[in-house]
Amino acid sequence: MTSHFFTRDGSTWMPQYLTAIDAMTCIGCGRCFKVCSREVMHLHGIDESGEILGACDGEDDDFDGELSRTIMVVDHAGRCIGCGACARVCPKNCQTHVAADKIVA
Ligand code: SF4
Ligand code: SF4
């Protein structure tokens with residue numbers, strides 16, 4: 001994988017890819033999803049034990065009464081362009097980002 005990235009004016013730029021979100025800390029506020037243009041993460045429901053019940057798609061989002069809370073899940077990590085917008089809006093600092101030259105393909 002290349003480690004050389006550039007902005008339009010030729011300046012060097014190091015993408016910071018979103019690789020994980022801490023399920024214990026995330027409050028499911030949805031801010032990261034709103035600012036991401038790449039559909040990298042989606043809101044999921046979890047039960048009391050922390051088991052993921054599925055994506056919240058607007059239908060049956062209470063998961064037959066099993067829903068305890070919602071968290072954001074990185075379910076399409078490969079779509080990330082490393083812009084860092086999600087990190088700037090997260091109120092819980094629960095995301096992990098890895099520089100493009102450090103990531104394992
Ligand atoms: S770094 Fe940018 S592209 Fe990647 S998940 Fe965050 S907002 Fe989306
Ligand atoms: S902005 Fe942070 S706390 Fe809010 S859903 Fe995204 S990862 Fe979770």
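Here 25, 7, 12 are screened, and the one residue that is modelled with pLDDT of 95 or more and within 10 Å of ligand 2 (Cβ to nearest atom) is 25. Looking at this structure, is residue 38 away from ligand 1 (no atom under 16 Å from the Cβ), basic (Lys, Arg) and at pLDDT 95 or above? No: the conditions fail for residue 38.
Look at (1) surrounded by 18 or more Cβ atoms within 10 Å (Cβ to Cβ); (2) more than 12 Å from the chain's Cα centre (by Cα); (3) hydroxyl-bearing (Ser, Thr, Tyr) and you find that residue 12 fails only one, number (1). Pairs linking a residue in the range 80-105 that is within 15 Å of residue 5 (Cβ to Cβ) to a residue that is aliphatic (A, V, I, L, M) and assigned to a strand (DSSP E or B), with Cβ atoms under 6 Å and 6 or more positions apart or on different chains, are 80/18; 97/18. Could you check, for the range 56-71, whether at least one of its residues is loosely packed, with under 13 Cβ neighbours inside 10 Å, within 16 Å of ligand 2 (Cβ to nearest atom), charged (D, E, K, R) and modelled with pLDDT of 95 or more? No, the range 56-71 contains no residue that is loosely packed, with under 13 Cβ neighbours inside 10 Å, within 16 Å of ligand 2 (Cβ to nearest atom), charged (D, E, K, R) and modelled with pLDDT of 95 or more.
The values are calculated or read from the model by the stated rules, or taken from the named source; none is laboratory data. Every value quoted in this text rests on a predicted model; they were computed, and no experiment measured them. Here the Cβ is made from the backbone with ideal geometry for all residues, glycine too, and neighbour counts use every protein chain on show.
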